[in-house]
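Here is the structure we will look at, set down as structure tokens.
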Amino acid sequence: HGTSKINDEGHLQIGGCDATELVQQFGTPLYVMDEALIRQRCREFVDAFRASGLKFQVAYASKAFCVMAMCRIVEEEGLSLDVVSDGELYTALQAGFPAERIHFHGNNKTPYEIAMAIDAQIGCFVVDNRVELHMLNAIAAEKRQKVNVLFRITPGVEAHTHEYISTGQNDSKFGFDLDNGSAYQAVQEVLQLSNIQLLGVHSHIGSQIFEVEGFQLAVDKVIGFAAKVRDELGFIFSVINLGGGFGIRYVEGDTPLPVASYVQAITESIKTNFNKYDYPTPEIWIEPGRSIVGDSGTTLYTVGTYKDIPGIRKYVAVDGGMTDNPRPALYDSRYEATLANRANDPIEEVVSIAGKCCESGDMLIWDVELPKVSTGDILAVACTGAYNYSMASNYNRIRRPAVLFVKDGEADIVVKRESYNDIVGNDLVPSRMKQVSK
Ligand code: LLP
């Protein structure tokens, strides 16, 4: 991927840095992010939209990987930013991300989060439901502000990895239902609310999607709704947000399209459909997360123990696991791996990679082909840039790894490895218990 290659010593090299040297300097487990590849992915989205001639915003879905240095990259590349919590919002603001390019998502924004976002003057709220709509209007009124919103609708298109299915769609915790009239009612209501400016609608059909059909179907649904709202309520949407979900290649057999193909399918289907209804072409927003950072990340681990159960399998244990990558345990996600210190060695065995947590489900990869593995080898697991650090935990009180950005042979720590104090720093021993001095 990206700037990764194998150097003359047979070591994996990422962003011009020898992975084994990174390990000596920074330890394992270690998240290594290829900065040039992140920037390239940002540009692929922007360039594809520019080519379409439509007005657009590409908002990076920060839930995939939200740290201050990442917010800086997103800002520099001219993208907007999607946040879903006060923590993500705070990170973006601390990084100096321009508030007007921040979009706030989520199905249960608290009054505190809403107030914080209004005070920061963020660009747009993606309103998920009626309760939020009225809460937002009330808080905005108190603050004498008018806020921009999109309505999140459930388009009845649910995309899965290899297929999309039309659902009855009432069964989602997110958004206003299109078919039962609640989205329409919300538009009627918002037109009466003086502290809210409706810009348009938002639809997100799923994640790790390979085909374009789901997005095209969502556009179909959205234009139908937009036309009804125009014809019956006289209101025109100026923004359509089609969410994220563009797939990436984790393992052989995953068949994502190039970023430009998704964008093209969306912009083409917008042009055709909105023309058909003689509707002014809206601004198109999207929210890619995984496809911006997923393939830029590699996790480096040190191999510790291993055991062979003859005729069954060889378990190879690394110094991380579900704490730094919960995706295999949560979703049965699959990954590929190599030995970073012996990347040219011939494949000799099929092993299964176990984490170090006290849990049988803590397996990172079942059946991966590797050279003969032993203690001290450096295992590199690819495509761990999205939803790994952001979903990491301290289960078993394991400290979260450091995150490095590598580029042109330089490595910078963007998140420090957690310390023991990070582990116990928030613990308090009640005064009625015996106090121990250290
Ligand atoms: N917009 C909305 C409203 C979303 O809910 C999501 C993801 C995105 C954008 C970004 O989707 P992406 O482009 O990254 O697929 N933890 C899971 C993924 C959860 C995605 C949730 N929403 C995983 O590790 O696969």
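Could you tell me which of rounded, prolate or oblate describes region 36-293, using a ≥ b ≥ c as the square roots of the eigenvalues of the alpha-carbon gyration tensor, with rounded for a/c under 1.5 and, failing that, prolate when a/b is larger than b/c and oblate otherwise?
Verdict is oblate for region 36-293.
Taking the alpha-carbon set of region 219-261, what are its Rg and Dmax in Å?
When restricted to Cα atoms, region 219-261 yields Rg and Dmax of 16.5, 50 Å.
Could you work out the helix-only [θ] at 222 nm for the chain, with each DSSP H run of four or more residues adding -39,500 (n - 2.57) and the total divided by the number of residues, to the nearest 500 deg cm²/dmol?
After summing the helix terms and dividing by the residues of the chain, the value is -9000 deg cm²/dmol.
Share of antiparallel DSSP beta bridges in the chain, in percent to the nearest 5?
The answer is about 50 percent antiparallel.
Using 7 Å Cα-to-Cβ label points, what is the residue 233/residue 69 separation (nm, one decimal)?
So the label points at residue 233 and residue 69 sit 4.5 nm apart.
For the chain, just list the percent of Cα-Cα distances falling in each 10 Å bin from zero outward, please.
With a bin width of 10 Å, the distribution comes to 4, 20, 28, 23, 15, 8, 2, 0.
Give the residues of region 340-367 whose amide nitrogen is closer than 19 Å to a point set 7 Å from the Cα of residue 314 in the direction of its Cβ.
Hits in region 340-367 for residue 314 at 19 Å: 340-356, 363-367.
Counting only other residues whose beta carbon sits under 13 Å from that of residue 254, what net charge do I get with K and R as +1, D and E as -1?
The answer is -1.
Which of the trypsin sites (Lys or Arg not before Pro) across region 1-109 are loop residues per DSSP, with 15 or fewer other Cβ within 10 Å?
Working: sites: 5, 39, 41, 43, 50, 55, 63, 72, 101, 109; in loops: 55, 109.
Qualifying residues, ordered by number: 55.
Can you tell me the length gained on complete extension of the stretch residue 348 to residue 94, counting 0.36 nm per residue apart and subtracting the Cα distance?
Net length gain for the segment: 86.6 nm.
With all distinct Cα pairs included, what does the Kirkwood hydrodynamic radius of region 1-100 come out to in Å, to one decimal, could you say?
Computed over Cα pairs of region 1-100, the Kirkwood hydrodynamic radius comes out at 15.4 Å.
Answer with one residue from 363, 93, 40: the one whose Cα lies farthest towards the positive end of the charge dipole of the chain, charges on Cβ with Lys, Arg +1 and Asp, Glu -1.
Positive-end residue among those listed: 93.
If you take the beta carbon distance between residue 433 and residue 278 as r and set R0 to 60 Å, what does 1/(1 + (r/R0)^6) give as a FRET efficiency, to the nearest 0.05? Display every interim value, and only then the final one.
Working: r = 73 Å, r/R0 = 1.22.
The formula returns an efficiency of 0.25 here.
Mind checking the dipole of the chain: about its Cα centre, +1 per Lys or Arg Cβ, -1 per Asp or Glu Cβ, Debye to the nearest 20?
Value, rounded to 20: 1120 debye.
Are there GluC sites (Glu not before Pro) in region 368-428 that DSSP marks as loop and that have at most 14 other Cβ atoms within 10 Å, and which are they? Don't jump to the answer; show the numbers that get you there.
Details: sites: 369, 410, 418; in loops: 418.
For GluC sites (Glu not before Pro) across region 368-428 that sit outside H, G, I, E and B with at most 14 neighbouring Cβ atoms in 10 Å, the list is empty.
With a 10 Å cut-off between alpha carbons and a GNM built on the chain, which of 390, 333, 207 moves the most?
The residue that fluctuates most here is 333.
So if each residue of separation counts as 0.36 nm, and I subtract the Cα-Cα distance between residue 24 and residue 189, what length gain in nm does that give?
Residue separation times 0.36 nm, minus the Cα-Cα distance, leaves 53.4 nm.
State whether region 317-425 is rounded, prolate or oblate according to the following rule on the C-alpha gyration tensor (a ≥ b ≥ c being the square roots of its eigenvalues): a/c under 1.5 gives rounded; otherwise a/b larger than b/c gives prolate, and the remaining case gives oblate.
Numbers: a/c = 1.82, a/b = 1.25, b/c = 1.45.
The shape class here is oblate.
Compute the angle between helix 213-233 and the longest alpha-carbon principal axis of the chain, please, reported from 0 to 90 degrees and rounded to the nearest 10.
Around 20 degrees separate the two axes.
Each value in this text was obtained by applying a stated rule to the coordinates, not by laboratory testing. Everything numeric here is computed off the predicted structure, so don't read it as measured data. Cβ: placed from backbone, ideal geometry, glycine included. Neighbour counts: every protein chain shown.
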